[in-house]
Each structure stands twice: as structure tokens, then as C-alpha cells.
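J.: This is the structure I have questions about; it appears just below.
The values are calculated or read from the model by the stated rules, or taken from the named source; none is laboratory data. Keep in mind that what you see is a predicted model, and the values were worked out from it rather than measured. As a convention, Cβ positions derive from the backbone with ideal geometry for all residues, glycine included, and neighbour counts pool all protein chains shown.
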């Protein structure tokens, strides 16, 4: 399970929160700018070798193609898949247009990535008063200005707003009103909860937990005994509670990613191949964020859930993927052979400096999940 930021506010009150998420953003920009791609399965990323899918159009998702999937797997699932090289200058320009629309309505905008953000419209700049109406207007303005679609979720906290934005994708709107949060969450599979990955959901299933309702009947002591520090988050999430405020100027401490495996792995070749895939994904995230850092950290989670990490700090900011890759490979080589198989591998760049450290392209926990 991924770590979840629980930076709670002491006196939250009831807020009006919108979560806006662009639909298949990178792939949709490619289809917009290349009419011959419209209606066809498109993936942004490297087409061969150790390439990884950075984004997939909805036409590709029908075949099971997903972001962070190895390109060879995506091609096997969808032989007609069209690969396009990422054009991050174009994506950043669209992102700037979208954020200008957000800030027309509120200054309380917390970007999670180029294509999604939280907005607190409790006191909106135009005096509209209705978060639902503001979300509708934002989606209309995005379509008019960019010719792209966005989905939005409206609720009284961030957790519920994010769940809602995914409910009616693509090009949808979902509203969870005060008093409805616990009931909404009760009917969801726990896999929909942010931070619950495939292996976490599998563990919960073995404990008889499939839905939010199953989770809600467990007391905090039982949750702590089975999930440790993750228990408090699960307890609140099952009740639709989230006290975190929207933070307009968060400072990112790191940018990285991790991958949880469907089967534990231990062999050197398999570990090295997985590391190369993670390097590609994480370096793409670093470039999009324009982040510059000096510390590379490799994280491994063994099959018994014990964590191990190795880090290396260099004198000057890492300037290229080749340098980042060399350090990551050295860190992995230092710990081989492993004493146990692993279920998760992660890679992070930290000690960030310069303009790229603002939260303009960071997720709430400053990590990019690869699954």
C-alpha cells in the first residue's frame, strides 16, 4: 500500500471541494493535434524494448492497456496500438491554460500533476456559491479553450471529491453532498481507495474486506493490528472523513515511483528489468516536474513486508537520465543477491532544489504510483 499524506487541519469545518481530472490527458492531446488518431487506440510512450506506456487513450483502455504497462505487453493486448512520443512542452502549455481557468474561480488550487488538481471553492472569487455550478462551468471552459474533456468530483473533502471525479469518467460530473459520504464509500470496492494497491486489496480480501462497508465495521484496534500505521487512514476513509485542507503552495520534498508486483520476484535479471521500467517512468515524471535533485533512493519491500532502502547523494543536481540510471543500477547491484523475494520496488529523487520544487506537478504524497 502506498503512503498517504495525512496532514490534517485542526478546524476543517465543511468545505466545498472540487477535484478536476483531465480525461486520458496526454493521449487526448495527441488525438486533438492529430485528427488521424481520433477514435483509434493511442499510447504515449516508447514502443519497444524496455519502453513503458505513459498514457493510453480510452480506445486503448478497452483492450486493457494502462499507464506504466510495459510497451511490449500493451502491444500484445492491442496489436493495432499507435505509439506517440511524449510532447511535454505541449502538455505543459495545456496545463497552464487549465490552471488559468481554475484560478479564475479560486486561488486555492492544489495541483497534483499536469492534468489534475483540487480546488477549494468555499469562497469562490465570482460569488457563484454553488460548487456544482462552478465545476460545470470549469468543464465547459476547459472544453471551449482546449477542445479537451475533463471529469470533476464535488464534495466536502478531498478524499470524496477525488473518488467522485473518477465515478463518471470520461467527461462526467459526480456530486457527493454532506451526509452522503459514508454511504457512498460503503458501496465502493476498497481497491478504489487511494493508497490501496492490488496486493493490499488482496490482503484485505483474505481478511473478509471487499468494500468500504466491510472496512467500516472493523474497529481501530483490529485495523492497527493488521495494517499498522495505515490503519488510521483506512478508519477515516471508510467513514468518508478527510480533514486535509487544499494547499495552494505545497513544497515537494521528492518525486518518484514504485511498483507492486503481481508475483514476488528475486532473480537478478527480473529485478534489473523492472528497475529499467521504473527509471523510465520516474525520469519522465522528473522532467515534467522540472525537478532537480541530488539524492537517489532505492526502496524494496520483501515478501514478509519488511522495508529496505539504499540511497546515494551526489555533489551536484542530477542532470540526465543516464546519470540517474547509473546511480539506480549501482544501488540495486549493491544489495544483490537478495535474502528474500520482493513484492515492491521504488525509486525516488530527493534533495530537490530550484523552481521545480513547487507542487506544480506533484501528487499528494509526492510519489507516482506505477500501478
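J.: Take the residues in region 16-52 that are in a helix (DSSP H, G or I) and under 16 Å from the mean Cα position of the chain (by Cα), then tell me which one is surrounded by the fewest Cβ atoms within 10 Å (Cβ to Cβ).
T.: Looking at residues that are in a helix (DSSP H, G or I) and under 16 Å from the mean Cα position of the chain (by Cα), I get 25.
J.: May I ask you to list pairs of residues, at least six apart or on different chains, whose Cβ atoms are under 6 Å apart, with the first in region 65-88 being in the same structural domain as residue 47 (by TED's automatic domain parsing) and the second being assigned to a loop (DSSP other than H, G, I, E, B) and loosely packed, with under 14 Cβ neighbours inside 10 Å?
T.: Final answer for the pair search is 77/64.
J.: Still on this structure, please answer the following. Need the failing condition index for residue 160 against (1) in a helix (DSSP H, G or I); (2) crowded, with 19+ Cβ neighbours inside 10 Å; (3) out of contact with any strand residue (DSSP E or B) (no Cβ under 8 Å at 6 or more places or on another chain), just the number.
T.: (3)
J.: Of all residues in region 174-204, which are in a helix (DSSP H, G or I) and within 19 Å of residue 344 (Cα to Cα)?
T.: 191, 198, 199, 200, 201, 202, 203, 204
J.: Name the residue that is farthest from residue 196 (Cα to Cα), counting only residues in region 233-245 that are touching a helix residue (DSSP H, G or I) at 6+ places or on another chain (Cβ under 7 Å) and in contact (Cβ under 8 Å) with a residue 60 or more places away in the chain.
T.: For region 233-245, the residue satisfying everything is 244.
J.: Of the residues in region 53-83, how many are in a loop (DSSP other than H, G, I, E, B) and within 15 Å of the chain's Cα centre (by Cα)?
T.: Within region 53-83, the subset in a loop (DSSP other than H, G, I, E, B) is 57, 62-69, 78-81.
After this cut, where a residue has to be within 15 Å of the chain's Cα centre (by Cα) as well, the list is 66-69.
The number of residues fulfilling the criteria is 4.
J.: Something else: Among 160, 173, which is under 20 Å from residue 16 (Cβ atoms) and within 17 Å of the chain's Cα centre (by Cα)?
T.: 160
J.: Could we say that residue 267 is closer than 25 Å to residue 192 by Cα and modelled with pLDDT under 90 here?
T.: Taking the combined requirement at face value, the residue does not satisfy it.
J.: Going by the conditions given, is residue 126 crowded, with 16+ Cβ neighbours inside 10 Å and farther than 13 Å from residue 18 by Cβ?
T.: no
J.: Please work out which one of (1) over 22 Å from the mean Cα position of the chain (by Cα); (2) not in a loop (DSSP other than H, G, I, E, B) is the condition residue 111 fails and give its number.
T.: (1)
J.: Considering only region 330-355, state which residues are part of a helix (DSSP H, G or I) and under 22 Å from residue 268 (Cβ atoms).
T.: Those that are part of a helix (DSSP H, G or I) and under 22 Å from residue 268 (Cβ atoms): 330, 331, 332, 333, 334, 335.
J.: Quick one: would you say residue 228 is surrounded by 15 or more Cβ atoms within 10 Å (Cβ to Cβ), closer than 26 Å to residue 264 by Cα and at pLDDT below 95?
T.: Answer is no for this residue.
J.: Still on this structure, I have one more. What pairs come out if I take residues in region 190-201 that are over 17 Å from residue 228 (Cβ atoms) and not assigned by TED's automatic domain parsing to the domain that holds residue 304 and pair them with residues that are buried (at least 17 other Cβ atoms within 10 Å of the Cβ) and modelled with pLDDT under 85 whose C-beta lies under 7 Å away, six or more apart or interchain?
T.: 194/4; 198/260; 198/371
J.: Across region 70-92, what is the number of residues that are in contact with a helix residue (DSSP H, G or I) (Cβ under 8 Å, 6 or more places away or on another chain) and surrounded by 16 or more Cβ atoms within 10 Å (Cβ to Cβ)?
T.: 10
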